[in-house]
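Taking it in order: structure first as structure tokens, then the write-up.
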């Protein structure tokens with residue numbers, strides 16, 4: 001970084017660095033690492049966070065949650081420091097001395113591993129599934145785990161996510177209800193982006209339904225692909241103090257009660273929309289035998305809304 005850029009305010013300096021890295025890698029040689037990172041991704045609400053806490057429980061692996069560090073041109077050292085727990089001054093020094101985005105990623109995770117005392121790093125961000133070309137270009141030895149989930153269940157979960165947001169220091173319950181069209185298209189596009197890499201030696205699929213129904217055999221196969229020894233500690237993730245982060249759902253063992261929720265939560269109007277947008281992929285992946293599937297008819301259609309809306313006290317108490 002030149003001296004003029006060093007004098008920029010922190011947020012402007014992050015912006016300048018992020019886009020200068022992107023420009024260099026577009027015009028010149030890409031930074032190529034010998035590291036063997038593990039990247040987790042897939043459509044949101046498909047079990048990526050469950051897998052993240054399991055991976056982080058492995059004694060040889062530290063897995064960061066939602067770092068967004070692999071997203072191009074979006075350097076935010078303050079946010080990254082809050083996510084991974086490294087001092088912001090250390091991250092800014094690493095950014096200033098890195099010539100390429102890939103170099104910065106490698107150096108940040110090396111520092112993070114050193115601070116945790118584990119030899120290998122992983123990053124879980126659902127959007128990693130959209131960045132596989134860049135990931136394998138920077139890290140040709142990387143291992144990518146693609147989480148797949150029944151698109152109907154994923155869409156029902158996406159439409160009510162996020163459920164909470166911190167507003168002026170308080171956790172406020174949200175009345176999130178996204179259009180089924182948006183949720184079905186998100187599932188279609190994210191899953192299709194991952195499936196395009198089937199057959200690549202660094203690509204591995206895990207189905208959420210298998211992970212929660214038979215976790216040990218699924219995880220044993222996955223750790224064999226990752227080159228890590230099996231340990232029952234990954235099934236005891238819920239016993240680790242602080243390992244579950246901000247989501248209280250991960251203070252419990254694996255459970256399968258959310259499988260098939262779409263039958264109760266989808267209205268007939270939702271079914272029509274989902275079939276139109278993503279029905280063929282659902283059949284292709286074996287989640288439906290054909291196009292004749294239907295919900296149980298108990299859900300009442302509710303028009304979707306774009307944006308996040310705090311619930312009223314009456315709604316929260318209901």
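The values are calculated or read from the model by the stated rules, or taken from the named source; none is laboratory data. Please read these numbers as outputs of a predicted model, since none were measured by experiment. Note that we place each Cβ from the backbone using ideal geometry, even for glycine, and neighbour counts take in every protein chain shown.
See the values below:
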{"read-out": "Near pairs, Cβ below 8 angstrom, 6+ apart or cross-chain, from region 195-206 (in contact (Cβ under 8 Å) with a residue 12 or more places away in the chain) to any residue that is surrounded by 11 or more Cβ atoms within 10 Å (Cβ to Cβ) and part of a loop (DSSP other than H, G, I, E, B)", "value": "202/140; 202/141; 202/142; 203/197; 206/47"}
{"read-out": "Residues located in region 70-96, provided they are in contact (Cβ under 8 Å) with a residue 12 or more places away in the chain and either under 19 Å from residue 55 (Cα atoms) or assigned to a loop (DSSP other than H, G, I, E, B) (or both)", "value": "70, 71, 72, 73, 74, 75, 76, 83, 84, 85, 86"}
{"read-out": "Members of region 17-43 found to be in a loop (DSSP other than H, G, I, E, B), under 14 Å from residue 103 (Cα atoms) and either in contact with a helix residue (DSSP H, G or I) (Cβ under 8 Å, 6 or more places away or on another chain) or without any contact (Cβ under 8 Å) to a residue 60 or more places away in the chain (or both), listed by number", "value": "29, 30, 31, 32, 33, 35, 37"}
{"read-out": "Number of the condition not met by residue 197 [criteria: (1) over 16 Å from the mean Cα position of the chain (by Cα); (2) within 30 Å of residue 221 (Cα to Cα); (3) in a helix (DSSP H, G or I)]", "value": "(3)"}
{"read-out": "Verdict on residue 107 being surrounded by fewer than 23 Cβ atoms within 10 Å (Cβ to Cβ) and either without any contact (Cβ under 8 Å) to a residue 60 or more places away in the chain or in a helix (DSSP H, G or I) (or both)", "value": "yes"}
{"read-out": "Residue 50 vs. criteria in contact with a helix residue (DSSP H, G or I) (Cβ under 8 Å, 6 or more places away or on another chain), assigned to a helix (DSSP H, G or I) and at pLDDT 95 or above", "value": "yes"}
{"read-out": "Residue within region 150-162 that is modelled with pLDDT under 95, farther than 30 Å from residue 292 by Cβ, surrounded by 15 or more Cβ atoms within 10 Å (Cβ to Cβ) and within 20 Å of the chain's Cα centre (by Cα) present", "value": "no"}
